[in-house]
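Undergrad: Mind looking over this structure? Questions follow.
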Ligand SMILES: Nc1ncnc2c1ncn2[C@@H]1O[C@H](COP(=O)(O)OP(=O)(O)OP(=O)(O)O)[C@@H](O)[C@H]1O
Ligand SMILES: [Mg+2]
């Protein structure tokens, strides 16, 4: 149904992409090979053990692109993705090339602060254990806090939206305390909570909970009253009205809250890890800066970007599943 | 003339339309399995008055409305826009208590909403997050009716000619289809009193005629008590046994007109034409 119109819209675009496929793919392949050549052949100022590895990787990417170019139309989904992203792959190679040139080769950017790509590749290859462990710790902390905050936020939001009494008591508190950035609680939290881990979980939950509460509440308050009339005439209990009418009707708002909460929770997570918890990506960043290990800093930033983006994608996937009945959803 | 032309088209279309509506089941078993006849309820409305508060000033909407409908009767409430028809239906459904007066069903006072008295709203108000089937099974779920929900929803959707759209979402339906889905959502609960708030208001002329015939068929088959709100005089005369005229706000019963013609009725029946003129005169319209 929805996919029908989507497919109709995509078809002509794909057709055009298929027409200019070989040229674009060849160009992208060539760009990667050029990157490999420049990395390998030009003299560099400094000692980078992974220059060769980076050149080899680039060469492999270039050759793969050249080899796949004529096959792409037979590769189904992966092929379609490749065709669609070919211009991006080409620009990526050129960006790497520029980066390589201004750092390792020409030294236009001051060296320790702006490492070349091979230095970051080196971090991934040599330090993946610590980096991976930090990511895992970050994810654990984030997941715990986020889930607690989201659950509490939805529950509180529904309660405020539904019950006059809860609204009467909770609204002023929410208005007074809610807008305070969760990070402001940090010194107090680390002092009050038994461990820095529980303090950070609390902070992440707080950062998540506020937007989720407010948006769930406004979602529930804004539910078309006629929906309740319909359910009431059909013999619905209070429980049914809340769980089967108010919550699903408010779900689009809830997801906006969950999205905002996720963004807020990232910020709090990093700060909490930098200042309190001695693990996680935030701490890794801090540690790398302390040792002037700038390549590690960039590597951790890349991992963090991947993690945040991945989590947001996950949230949007969940939303698309649950809200498939809505028209015109924003694509992430 | 236009009406007559429509009618002829309709007479041609209806058999096909019915055939389409019943295509699924071959042979004698095509109808839904028989259920114990519940029968209609007796509705009593005694001196019901109601007012809304609009920024501190009371707006009287109903003024001592009296109405009795015998079990299985079909009554049409006719009146101009804003005279209080929907308000009266909401009170009958038990969604709001009247300011004064008494509403009874089989002698029992109406004290809140109940699935035995169902209101088909002026807007279809389907739940957009549920499929058509999910909307129709809503009452069964809300009351925790176990068992053949899917089947009953399917039967109700067949009744209104929506088979094949069970898994569609409301935004994929036309306005008329949504109205029919809303009707199925009520019918599946086998109400004893069915309150219809302009359920055919959004339909095109042809579908409207077809739906009127279907409504009549459903009513004669299920024998529920029906109260239909409309501002279409012809619709009231073709469908109802009695037409109640509420000519202005606050609404009160100005005329209670028995339409003693057998079903199916034809719009150009001279008796109906005469009644139509009479009603329009009561409503203050030149004829
Ligand atoms: N919830 C409400 N609060 C205040 N006033 C209301 C409310 N509901 C209805 N009214 C007023 O009551 C009057 C009657 O409304 P009602 O919806 O019953 O009219 P109606 O006869 O159904 O009209 P229509 O044919 O246009 O649907 C209107 O003047 C309206 O402004
Ligand atoms: Mg109305």
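Undergrad: Do you know which residues across region A:107-116 are in contact (Cβ under 8 Å) with a residue 12 or more places away in the chain and either over 26 Å from the mean Cα position of the chain (by Cα) or assigned by TED's automatic domain parsing to the domain that holds residue A:295 (or both)?
TA: Scanning region A:107-116 gives A:107, A:111, A:112.
Undergrad: Would you check which residues across region B:218-234 are over 11 Å from the mean Cα position of the chain (by Cα), farther than 15 Å from residue B:76 by Cα and either without any contact (Cβ under 8 Å) to a residue 60 or more places away in the chain or in a helix (DSSP H, G or I) (or both) and list them?
TA: Answer for region B:218-234, where residues must be over 11 Å from the mean Cα position of the chain (by Cα), farther than 15 Å from residue B:76 by Cα and either without any contact (Cβ under 8 Å) to a residue 60 or more places away in the chain or in a helix (DSSP H, G or I) (or both): B:220, B:221, B:222.
Undergrad: Condition (residue is within 12 Å of residue B:124 (Cβ to Cβ) and outside the structural domain of residue B:144 (by TED's automatic domain parsing)) applied to region B:217-229: is it met by at least one residue?
TA: The answer is no; no qualifying residue exists.
Undergrad: Mind checking which residues of region B:220-233 are at pLDDT 90 or above and away from ligand 2 (no atom under 16 Å from the Cβ)?
TA: Scanning region B:220-233 gives B:224, B:225, B:226.
Yes or no, residue by residue, for (1) outside any helix (DSSP H, G or I); (2) within 12 Å of ligand 1 (Cβ to nearest atom); (3) within 14 Å of chain A (Cβ to nearest Cβ):
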| residue | (1), (2), (3) |
| --- | --- |
| B:53 | yes, yes, no |
| B:62 | yes, yes, no |
| B:71 | yes, no, no |
| B:91 | no, yes, yes |
| B:104 | yes, no, no |
| B:127 | yes, no, yes |
| B:134 | no, no, yes |
| B:150 | no, no, no |
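Undergrad: For residue B:93, work out the one condition from (1) in contact with a strand residue (DSSP E or B) (Cβ under 7 Å, 6 or more places away or on another chain); (2) away from ligand 2 (no atom under 16 Å from the Cβ); (3) under 19 Å from residue B:224 (Cβ atoms) it doesn't fulfil.
TA: With (1) in contact with a strand residue (DSSP E or B) (Cβ under 7 Å, 6 or more places away or on another chain); (2) away from ligand 2 (no atom under 16 Å from the Cβ); (3) under 19 Å from residue B:224 (Cβ atoms) applied to residue B:93, the lone miss is (2).
Undergrad: For region A:119-156, enumerate the residues that are at pLDDT below 90 and crowded, with 24+ Cβ neighbours inside 10 Å.
TA: Answer for region A:119-156, where residues must be at pLDDT below 90 and crowded, with 24+ Cβ neighbours inside 10 Å: A:119, A:123.
Undergrad: Of the residues B:48, B:65, B:110, B:38, which is at pLDDT below 85 and over 16 Å from the mean Cα position of the chain (by Cα)?
TA: None of the other options fit; the residue is B:38.
Undergrad: Does residue B:278 fit the bill of being touching a residue at least 60 places away in the same chain (Cβ under 8 Å) and assigned by TED's automatic domain parsing to the domain that holds residue B:99?
TA: no
Undergrad: Here's something else I'd like to know. When you scan region B:68-84, do you find a residue that is within 16 Å of ligand 2 (Cβ to nearest atom), loosely packed, with under 15 Cβ neighbours inside 10 Å and in the same structural domain as residue B:223 (by TED's automatic domain parsing), even just one?
TA: Yes - at least one qualifying residue is present in region B:68-84.
Undergrad: Can I ask one more? Does residue B:115 satisfy the criteria of being more than 10 Å from ligand 1 (Cβ to nearest atom), within 14 Å of chain A (Cβ to nearest Cβ) and crowded, with 18+ Cβ neighbours inside 10 Å?
TA: yes
Undergrad: So, one more: If you go through region B:188-202 one residue at a time, how many are more than 16 Å from ligand 1 (Cβ to nearest atom) and either assigned to a loop (DSSP other than H, G, I, E, B) or more than 12 Å from chain A (Cβ to nearest Cβ) (or both)?
TA: Residues that pass the stated criteria total 5.
Undergrad: Would you check if there is a residue in region A:247-257 being more than 13 Å from chain B (Cβ to nearest Cβ), touching a residue at least 40 places away in the same chain (Cβ under 8 Å) and surrounded by fewer than 21 Cβ atoms within 10 Å (Cβ to Cβ)?
TA: The answer is yes; a qualifying residue exists.
Undergrad: Given A:287, A:283, which one is free of Cβ contacts under 8 Å to residues at least 40 places away in the same chain and closer than 30 Å to residue A:104 by Cα?
TA: Of the residues listed, the single one that is free of Cβ contacts under 8 Å to residues at least 40 places away in the same chain and closer than 30 Å to residue A:104 by Cα is A:287.
Undergrad: Continuing with this model, one more query. Can you pull out the residues in region A:199-231 that are buried (at least 22 other Cβ atoms within 10 Å of the Cβ) and within 9 Å of chain B (Cβ to nearest Cβ)?
TA: Once the filter is applied, which keeps residues that are buried (at least 22 other Cβ atoms within 10 Å of the Cβ) and within 9 Å of chain B (Cβ to nearest Cβ), region A:199-231 yields A:230, A:231.
Undergrad: Checking the conditions here, which among B:209, B:215, B:157 is surrounded by 23 or more Cβ atoms within 10 Å (Cβ to Cβ), assigned to a helix (DSSP H, G or I), away from ligand 2 (no atom under 16 Å from the Cβ) and at pLDDT below 90?
TA: B:209
Undergrad: Also: Filter region A:67-90 for residues that are surrounded by 12 or more Cβ atoms within 10 Å (Cβ to Cβ) and without any contact (Cβ under 8 Å) to a residue 40 or more places away in the chain; which is nearest to residue A:48 (Cα to Cα)?
TA: A:85
Undergrad: In region A:32-54, which residues are crowded, with 17+ Cβ neighbours inside 10 Å and free of Cβ contacts under 8 Å to residues at least 40 places away in the same chain?
TA: If the condition is that a residue be crowded, with 17+ Cβ neighbours inside 10 Å and free of Cβ contacts under 8 Å to residues at least 40 places away in the same chain, then A:33, A:36 are the ones that fit.
Undergrad: (1) assigned to a helix (DSSP H, G or I); (2) within 14 Å of chain A (Cβ to nearest Cβ); (3) buried (at least 23 other Cβ atoms within 10 Å of the Cβ): which one isn't true of residue B:180, the others all being true?
TA: That leaves (2) as the condition not met.
Undergrad: Looking only at region B:21-28, decide whether some residue is closer than 29 Å to residue B:116 by Cβ and either modelled with pLDDT of 85 or more or within 16 Å of ligand 2 (Cβ to nearest atom) (or both).
TA: No, region B:21-28 has no match at all.
The values are calculated or read from the model by the stated rules, or taken from the named source; none is laboratory data. Small disclaimer: the values here were computed from a predicted structure and weren't measured. Don't worry about glycine lacking a Cβ; one is built from the backbone with ideal geometry, like all the others, and counts go over all protein chains shown.
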